[in-house]
Amino acid sequence: MFPEILSPAIVDLLIDATRQTLYMVAVAGLIGTAIGLPLGVFLATSRSGELFAAPALNTLLGLVVNAARSTPFIILVVAIIPFTRLIAGTSIGTNAAIVPLTVAAAPFIARLIEAAIREVDQGLVEAARAMGASPLQIVGKVLLPEALPAITLALTLAVVSLLGYSAMVGAVGGGGLGDLGIRFGYQRFMPDVMAAVVIVLILLVQAVQSCGDLLARRLDKRNRRD
Amino acid sequence: MTAILPILAASAQQADPSGRPAPVQHPFTPDPAGRAVIGFAHVGKTYAARAGTPLVAALQDVNLSVPEGAIVGVIGRSGAGKSTLIRLVNGLERPTSGRIVVDGTDITALSEKGLREARRSIGMIFQHFNLLARRTAYENVALPLEIAGVSHREIKARVEPLLDLVGLADKRDRYPAELSGGQKQRVGIARALATRPRVLLSDEATSALDPETTNQILALLRKVNAELKLTVLLITHEMAVIKAVAHRVAVLDGGRIVEEGRTFEIFSHPRHATTKAFLSAITGAALPAQVADRLQPVRTGDASAVLRLVFTGTHATDPVLSRVSRLLGVDVNIIQAQVDDIAGEPFGVIVVSVPGDIATVAAVQAAVTGLGLGVEVLGYVS
């Protein structure tokens, strides 16, 4: 990758670390979305007077989401080690690291999805109700499709945040780019490794953001003109 | 078309002997015998703005009947309760008291599920169109059919003729952002008609449109009313909309219906102050400023009487003034005149000043009344 600057061994480490990072982010992002999307839709539709009105549950889930989001990630990682062991069978390694990443991502994604859904014009919900749509049909045919551009941007933001969080899972042997940067770049005084890690992370974030922006623009039909 | 109700055809003919096509939409007589498609009985609706705050009455003891095939307009200022009223018809809001019957079904007694079923036979269009931005015109019209579980094949068979009907066949794959306001409302109308409803609710459907587009949309409403025998309930704050399309009108003020009747009757003989205020803007009921400023409520000296003559129906084209003038030998001075067309009927207002003593003025009044015109003394000017 950087033949002039980095030794082949370091290049291998870099490639491995990138793979681990992508793996952790992808799996945590998918599971986090699988949990966060329905949770976000529910948060956006369950206040009193809304489609699935359940104000008490809405408040309770809101508190849980806030609690999870206000815990610093590095503390979350160690605080939920028993839970991680329960889920992953171990508390150390890349697979184990996916558990705290997911636990951090799900409430974050839920809040982002909630905001995206709440942006949908209430007039559309009223129109759908007037057509005889059930609450589930309103979610499936109106809220989610209309919010799709905003949801795409929300998930892009979530993935970028996960790339950042994944740098901290070296604390539980999760590996990845952040771990490589700390162990080699910082602890072994190898500024070239540190620089390489930062460059790879920048490229990843840029790629994710560009893809997300492009996709959201394609999906958004609001500004089309001949 | 004219055979919707025999009574309709008969009175339409009577109103228009000139041989012009009978104004189909016009003299709709109320049908108290129960042929109302929408009926409100003692409907009240109160809100608590927030838990614990005093209740606010949005509607009080509303009684209204919408005859089959009619276009009925409800006019009122902002906050009069119009939006609440129209939303009660398809159960988007529930009344606090009273009953609402639509097409024989008591809407107020339905469960949420039953209500969803009932809504499929009640179309609705909105001020801000409420089209889905990420669906094309075609897909928007298809939405209520998808919701009703209609097959793709059947959807195609129904949506395309509807796009034709509203004149948007060439825009079927356009997104709302690519359409003008009038085109968006046409999509809205096609969408509302997709499930073949018997009733169309129009919630300020032309309020966001310019006057020309408003007229086109109103013409389309008249067309679907006549061609599809669709009963229409519309709410508006514009008397011009009522005048253009409504057979009957109800005036809503402070949550109560203060006046209701045939549009033509209400326009020619308004009784309530709110109605008069709405009308003054469009029927020339407002006097020119230089006359209004000098107008006295009682006669002094040799002041002239200011009369408003209302010509309706067949009399709108009679040479009344010259006849009165010849008959009584009085000079009649025209201050203001306007001839209009209300819900298909000719309608004229002439404001005249008549010099002379009380006896002369009374003779003029009697003569004018004898010729079948409405007359009202507005005051005196010297």
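Look at region A:210-226 and say how many of its residues are in contact with a helix residue (DSSP H, G or I) (Cβ under 6 Å, 6 or more places away or on another chain) and modelled with pLDDT of 90 or more.
5
Does region B:244-270 hold any residues that are among the aromatic types (Phe, Trp, Tyr) and touching a Gly at 6+ places or on another chain (Cβ under 9 Å), and which are they? I'd like the intermediate steps shown before the answer.
First, the residues of region B:244-270 that are among the aromatic types (Phe, Trp, Tyr): B:264, B:267.
The one that is among the aromatic types (Phe, Trp, Tyr) and touching a Gly at 6+ places or on another chain (Cβ under 9 Å): B:PHE264.
Scanning for something without any contact (Cβ under 8 Å) to a residue 24 or more places away in the chain and away from chain B (no Cβ under 14 Å), does region A:95-102 turn up at least one residue? Spell out the reasoning first.
Keep residues of region A:95-102 that are without any contact (Cβ under 8 Å) to a residue 24 or more places away in the chain, which gives A:95, A:99.
Subset that is away from chain B (no Cβ under 14 Å): A:95, A:99.
Scanning region A:95-102 turns up at least one residue that is without any contact (Cβ under 8 Å) to a residue 24 or more places away in the chain and away from chain B (no Cβ under 14 Å).
Looking only at residues in region B:202-214 that are surrounded by fewer than 17 Cβ atoms within 10 Å (Cβ to Cβ) and closer than 20 Å to B:LYS171 by Cβ, which one is farthest from the other protein chains (Cβ to nearest Cβ)? Give the derivation first.
Within region B:202-214, the first condition is being surrounded by fewer than 17 Cβ atoms within 10 Å (Cβ to Cβ), and the residues that meet it are B:207-208, B:210-212.
The next check asks that each one be closer than 20 Å to B:LYS171 by Cβ; those that pass are B:208, B:210, B:212.
Numbers: B:ALA208: 12, B:ASP210: 20, B:GLU212: 22 Å.
Only one residue fits best here, namely B:GLU212.
Among the helices (runs of 4 or more DSSP H) contained in region B:99-201, which hold 3 or more residues that are at the interface with another protein chain (Cβ under 10 Å from one of its Cβ atoms)?
Numbers: elements: B:112-119, B:137-147, B:152-165, B:181-193.
It comes to B:112-119, B:137-147, B:181-193.
With respect to B:VAL310, determine if the residue is in contact (Cβ under 8 Å) with a residue 12 or more places away in the chain, aliphatic (A, V, I, L, M), surrounded by fewer than 21 Cβ atoms within 10 Å (Cβ to Cβ) and assigned to a helix (DSSP H, G or I).
The answer is no for B:VAL310.
Of the conditions (1) within 14 Å of chain B (Cβ to nearest Cβ); (2) part of a helix (DSSP H, G or I), A:GLY185 fails just one. Which one is it?
It fails just one condition, (1).
Could you grab me the full set of residues in region B:231-251 that are modelled with pLDDT of 95 or more and farther than 10 Å from B:GLY73 by Cα?
Once the filter is applied, which keeps residues that are modelled with pLDDT of 95 or more and farther than 10 Å from B:GLY73 by Cα, region B:231-251 yields only B:THR231.
Here is a list of conditions, (1) within 14 Å of chain B (Cβ to nearest Cβ); (2) part of a helix (DSSP H, G or I); (3) at pLDDT below 95, and A:VAL169 meets all of them except one; can you say which number that is?
Going through the list (1) within 14 Å of chain B (Cβ to nearest Cβ); (2) part of a helix (DSSP H, G or I); (3) at pLDDT below 95, A:VAL169 breaks only (1).
Looking at region B:166-174, can you tell me whether even one residue there is within 16 Å of A:ALA127 (Cβ to Cβ), among the hydrophobic types (A, V, I, L, M, F, W, C) and either assigned by TED's automatic domain parsing to the domain that holds B:ASN90 or touching a residue at least 24 places away in the same chain (Cβ under 8 Å) (or both)?
no
Which of the following residues is modelled with pLDDT under 95 and under 19 Å from the mean Cα position of the chain (by Cα): B:GLY76, B:GLY52? Don't jump to the end; show me each part of the working.
Values: B:GLY52 fails: under 19 Å from the mean Cα position of the chain (by Cα).
After ruling out the rest, the residue left standing is B:GLY76.
Each row is one residue, and each column tells you yes or no for (1) at pLDDT 95 or above; (2) surrounded by 23 or more Cβ atoms within 10 Å (Cβ to Cβ); (3) in a helix (DSSP H, G or I); (4) within 7 Å of chain B (Cβ to nearest Cβ).
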site	(1), (2), (3), (4)
A:ILE109	yes, yes, yes, no
A:ALA115	yes, no, yes, no
A:VAL120	yes, no, no, no
A:LEU136	yes, no, yes, no
A:LYS141	yes, no, yes, yes
A:PRO145	yes, no, yes, yes
A:PRO149	yes, no, yes, no
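Kindly list the number of the only condition in (1) exposed (fewer than 12 other Cβ atoms within 10 Å of the Cβ); (2) of a type outside the set (S, T, N, Q); (3) within 22 Å of A:GLN137 (Cα to Cα) that fails for A:PRO55.
(1)
Has region B:285-296 got at least one residue that is of a type in the set (S, T, N, Q), modelled with pLDDT under 90 and not in a strand (DSSP E or B)? First the steps, then the outcome.
Pass one, region B:285-296, residues of a type in the set (S, T, N, Q): B:290, B:296.
Then keep just the ones that are modelled with pLDDT under 90; that gives B:290, B:296.
Narrowing the set further to residues that are not in a strand (DSSP E or B) leaves B:290.
Yes, region B:285-296 contains a residue that is of a type in the set (S, T, N, Q), modelled with pLDDT under 90 and not in a strand (DSSP E or B).
Only one of these is in contact (Cβ under 8 Å) with a residue 40 or more places away in the chain, within 14 Å of chain B (Cβ to nearest Cβ) and part of a helix (DSSP H, G or I): A:ALA154, A:ALA216. Name it.
Numbers: A:ALA154 fails: within 14 Å of chain B (Cβ to nearest Cβ).
A:ALA216 is the lone residue from the list that is in contact (Cβ under 8 Å) with a residue 40 or more places away in the chain, within 14 Å of chain B (Cβ to nearest Cβ) and part of a helix (DSSP H, G or I).
Restrict the check to region B:351-369 and report whether at least one residue is surrounded by fewer than 13 Cβ atoms within 10 Å (Cβ to Cβ), closer than 18 Å to B:PRO270 by Cα and of a type outside the set (Lys, Arg).
Looking through region B:351-369, at least one residue is surrounded by fewer than 13 Cβ atoms within 10 Å (Cβ to Cβ), closer than 18 Å to B:PRO270 by Cα and of a type outside the set (Lys, Arg).
Restricting region B:328-346 to residues that are touching a residue at least 40 places away in the same chain (Cβ under 8 Å) and touching a helix residue (DSSP H, G or I) at 6+ places or on another chain (Cβ under 6 Å), which is nearest to B:VAL245 (Cα to Cα)?
Among those that are touching a residue at least 40 places away in the same chain (Cβ under 8 Å) and touching a helix residue (DSSP H, G or I) at 6+ places or on another chain (Cβ under 6 Å), it is B:ALA343.
Out of B:VAL361, B:VAL375, B:VAL351, report the one residue that is β-branched (Val, Ile, Thr) and more than 28 Å from the chain's Cα centre (by Cα). Give the derivation first.
Working: B:VAL375 fails: more than 28 Å from the chain's Cα centre (by Cα); B:VAL351 fails: more than 28 Å from the chain's Cα centre (by Cα).
Residue meeting the stated conditions: B:VAL361.
The values are calculated or read from the model by the stated rules, or taken from the named source; none is laboratory data. The shown structure was predicted, so the numbers you read here are calculated from the model rather than taken from an experiment. Every residue, glycine as well, gets a Cβ built from its backbone with ideal geometry; the counts of neighbours run over all protein chains shown.
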